Amino acid sequence: MTSLVGESVVVIGAGVGGLSTACYLADAGADVQVIEKNEQLGGRASRLEVDGFRFDMGPSWYLMPDVFERFFGEFGRTPTDYYDLEHLDPHYRIFFKDSTEQRSADGASGLRGGGTASNETAKSSRGPRSHGDQVDVTADIERTKALFETYEEGAGEALERYLEKSRENYEVGMEHFVYEDRERLRDYIDLDVARQARGLSLLGSMQGHVENYFDHPKLQQIMQYTLVFLGGSPTNTPALYNLMSHVDFNLGVWYPENGMGSVIDGIVELGTELGVEYHTDRPATAIKGREGAFLVETSDGPLSADLVVSNADYAHTEQELLPPERRGYDADYWESRTYAPSAFLCYLGVEGDLEELAHHTLVLPTDWQDHFDQIFEEPQWPDDPAYYLCVPSKTDDSVAPEGHSNLFVLVPIAPGLEDTPEIREQYRDEVLADVAENTGADLRDRIVVEETFSVEDFASRYNSFQGTALGMAHTLRQTSLFRPPHRSKEVDGLYFVGADTTPGIGVPMCLISGQLTAEKVFEDHG
C-alpha cells in the first residue's frame, strides 16, 4: 500500500476534484488540509437556500453511477452509506421549438404520428403551446426504439446499433483511457494500447458519427444533447464521446436524495473519517516556497506544506498565485484555448405545480447550430436558445415549501460576454416568454423567489477563466494528453486537479481526476 505518512498537503479549492484528491491522500496517511475561497464546500456544486427553497447551483444530473460506486469502493464504502438514490423515469423530457415549416415537413411523424410510446408521451402534454413536438425519453429502451421509429423508419434498430457501439466505447474508453492517465505521446505508441483502441471512434466529430446512424435532425439532437455536459458542440467534440449515450440510455439518470449537495456532503464526510481538515472562507493568495517547504498564503495567514494540490481554476493558479518564472503556461496559452460555455441561470421559487415539465427538461430549436455558433464562433447572447429546465421538486418535496415548485433555468452562453444587470433583466424576460410559448408553463406571475447567476458570477465566485461554467472544452486538440497535466511543469511538488486536467469536465470526471492526481503524488512521494 502507498504510504504518505509524514507528508503534509494543502489542497487549494474544495470542488469535487479537490475533495476527491484529499480523500486519496489522507487515506495514504498524509496530513491533508483543504482550503476553500467560498463559504461552503463543493465548488460549482454549491447550494443556494432562500425562503425555504434549496437549489443546486451547479451540477444537477447524477450520471455514471458506476464511477461513484468505484470511488467510494476505494475506501471500503458505498454511495448508499452517505446518500440514497432514485432512478428517474422519464430520464428527461424534450420540447422541440418547431417552425410551421418543420411541422409540415414532419407530417404524421413524431408524437402526432402513432406508436404506443409516442401516444403515451403526447398525453402528458398540457397547457397552451404554439408549436413543437414533446418527447419523453424513458428507462424502457423498447419504448424509446418505438419512439424513434415514429420519426424515421429503421431508427429503432439504428438506436440499438448506436448504443452497442456506445457501450463498447464506454467500457474500453473508461478502463484504458479515462482511469489510466496517458499524458505522453509515447504512452499511446504501445501494442496493448493499439489493441484496446481498435474500433474506438477516436477521430471525426460527433455530428459526423451521429449522421452515420440517423437522418432526422431531432433524433440527432437527442443523441447529442449530452454534449452540454462536455462543454462542446456537435461539430467540435470528438466522436469518442458517443460513449455518453451509454451513460444516458443504459446506465440511467438518477437523483440523490436532497440533491447533488448531498453527494458533496457524502464526500466531505468520507474525508473527515479519513482525517481531512477543511477550512472555508479562506482564499489562497499566493503559492511560495518549494517542495518540502511550501508556504500557501491565505486571507487568514500562511499554511506550510510539503506538497500542494490546486483545485482552483488552472489559469487562475498559474496567472495569479505563481510568479511568472514558475508558470507552466503563459497568458497567450490560456487566451488561445477553446472554453466550454458559461451559463445564464435563473433560480426560481414558483407557486403551484409545474405539470408541463419533467424533473429534467430540455427545450431545443429544431436547428440548434445557430446557438452553438453564438457560443463558439460569433459570441453573443443567443437569440433562439437551446436551454435546460430542472424541477427537482417533482421528485423531492424537501427542496421547496408546500404548494410551491423549485425550478432553475440554464441557458448555455459564450464565456466572456458582457454581463450587466440590464442585459440579465432583458434576457430573463425573453427566456421566460420562450418557456411559456414552448412548454406551456407560464411562470411569470407565479415567481416568489428569484436569483440569477451568470458570466460575472462564475468569474468572481469561482475564479473561472472568462467566466466559463465548466472549464476547457473537449475538442480534439483539448482531449487526453492535450489537456494541461496534473503535475506542474515548473514547480516540483505542485499538482493540479479538476476539469481542466484529465479526464475533464463533469462531476464523475472530476472524481476520477482526483484519483489520477493522487497517483502522481504516490509515484513521486509514496
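Quick note: the coordinates plus some simple rules give every number you see, no bench work behind them. Computed from a prediction, not measured in an experiment: that's the story for all the values here. In this analysis, Cβ positions are derived from the backbone assuming ideal geometry, glycine residues included, and neighbour counts consider all displayed protein chains.
May I ask you to derive the FRET efficiency for residue 304 and residue 86 from their Cβ-Cβ distance with R0 = 51 Å, giving the value to the nearest 0.05?
With a Förster radius of 51 Å, E is 0.70.
Could you tell me the center-to-center distance, by alpha carbons, between the stretch 51-75 and the stretch 358-433 in angstrom?
21 Å
Say each of residue 160 and residue 378 gets a label point 7 Å from the Cα, pointing the same way as Cα to Cβ; how far apart are those two points in nm?
Label at residue 160, label at residue 378, 4.5 nm between them.
Which FRET efficiency value, to the nearest 0.05, is calculated for residue 39 and residue 250 with the Förster distance at 56 angstrom and r the Cβ-Cβ distance?
So, using R0 = 56 Å, E works out to roughly 0.90.
Amide H of residue 97 versus every other amide H placed in the peptide plane: which residues, excluding those fewer than 5 positions away on the same chain, fall under 5 Å?
Under 5 Å from the amide H of residue 97 lie the amide H atoms of 364, 366, each far enough along the sequence or on another chain.
What value, in deg cm²/dmol to 500, does the helix sum -39500 (n - 2.57) over DSSP H runs of n ≥ 4 give at 222 nm once divided by the residues of the chain?
Details: 15 runs with 161 residues, N = 526.
Value at 222 nm, helices only: -9000 deg cm²/dmol.
State, as an integer percentage, the relative contact order of the chain based on alpha-carbon contacts under 8 Å between residues 6 or more apart.
24 percent
Got a sec to turn the phi values of the stretch 495-503 into Karplus ³J(HN,Hα) couplings, 6.51 cos²θ - 1.76 cosθ + 1.60 with θ = phi - 60°, whole Hz, x for Gly and Pro?
In residue order, the calculated couplings are 10, 10, 8, x, 5, 7, 8, 7, x Hz.
Could you rank the peptides 7-20, 294-307 by their average count of other C-beta atoms within 10 Å per residue, with the highest value first?
7-20, 294-307
If packing is taken as the average count of other Cβ atoms within 10 Å, what order do 401-410, 495-504 fall into, highest mean first?
495-504, 401-410
Let me know the shape class of the stretch 284-413, please: from the alpha-carbon gyration tensor, a ≥ b ≥ c as square roots of the eigenvalues, rounded when a/c is under 1.5, otherwise prolate if a/b is greater than b/c, or oblate.
Working: a/c = 4.23, a/b = 1.68, b/c = 2.52.
Since a/c reaches 1.5 but b/c is at least a/b, the shape of the stretch 284-413 is classed as oblate.
HN-Hα J couplings of the stretch 32-41 from phi, Karplus 6.51/-1.76/1.60, θ = phi - 60°, integer Hz, Gly and Pro as x?
Calculated HN-Hα couplings, in order: 10, 10, 10, 10, 10, 4, 9, 7, 9, 8 Hz.
Determine ³J(HN,Hα), in whole Hz, for all residues of the stretch 317-333 in sequence, where each value follows from phi through the Karplus function 6.51 cos²θ - 1.76 cosθ + 1.60 and θ = phi - 60°; x replaces Gly and Pro.
4, 6, 7, 10, 9, 10, x, x, 6, 10, 8, x, 9, 8, 4, 4, 4
Could you sort the peptides 440-452, 332-344 by per-residue average Cβ neighbour count (10 Å cutoff), highest mean leading?
The packing order, highest mean first, is 332-344, 440-452.
Give the share of C-alpha pairs in each 20 angstrom bin for the chain, from 0 to the last occupied bin, in whole percents, shortest bins first.
Values per bin, smallest distances first: 22, 57, 20, 1.
Can you tell me the FRET efficiency between residue 331 and residue 477 if r is taken as the Cβ-Cβ distance and R0 is 22 Å, rounded to the nearest 0.05?
0.70
Calculate, in nm to one decimal, what residue 524 and residue 422 gain on full extension: separation in residues at 0.36 nm each, minus their alpha carbon distance.
Extending this stretch completely gives an extra 31.6 nm.
Assigning unit charges at the beta carbon (Lys, Arg +1; Asp, Glu -1) and nothing else, what dipole magnitude in debye, to the nearest 20, does the chain show about its Cα centre?
920 debye
Based on the inverse mean of 1/r over its pairs of different Cα atoms, what is the Kirkwood hydrodynamic radius of the stretch 370-526, in Å?
Evaluated on the stretch 370-526, it is 18.5 Å.
In nanometres, what is the gap between the two model label sites at residue 447 and residue 77, each 7 Å from Cα along Cα-to-Cβ?
Distance between the two pseudo-spin positions: 3.8 nm.
Too long at a 27 Å Cα-Cα cut-off: which of 37/394; 37/489; 97/165; 97/394? Don't jump to the answer; show the numbers that get you there.
Details: 37/394 33 Å; 37/489 25 Å; 97/165 30 Å; 97/394 23 Å.
Exceeds cut-off: 37/394; 97/165.
Using only Cα atoms, what is the ratio of the radius of gyration of the stretch 208-364 to 2.2 N^0.38 Å? If you can, show how the numbers build up before the last one.
On the way: Rg = 21.7 Å, N = 157, 2.2 N^0.38 = 15.0 Å.
Cα-based Rg divided by the globular estimate yields 1.45.
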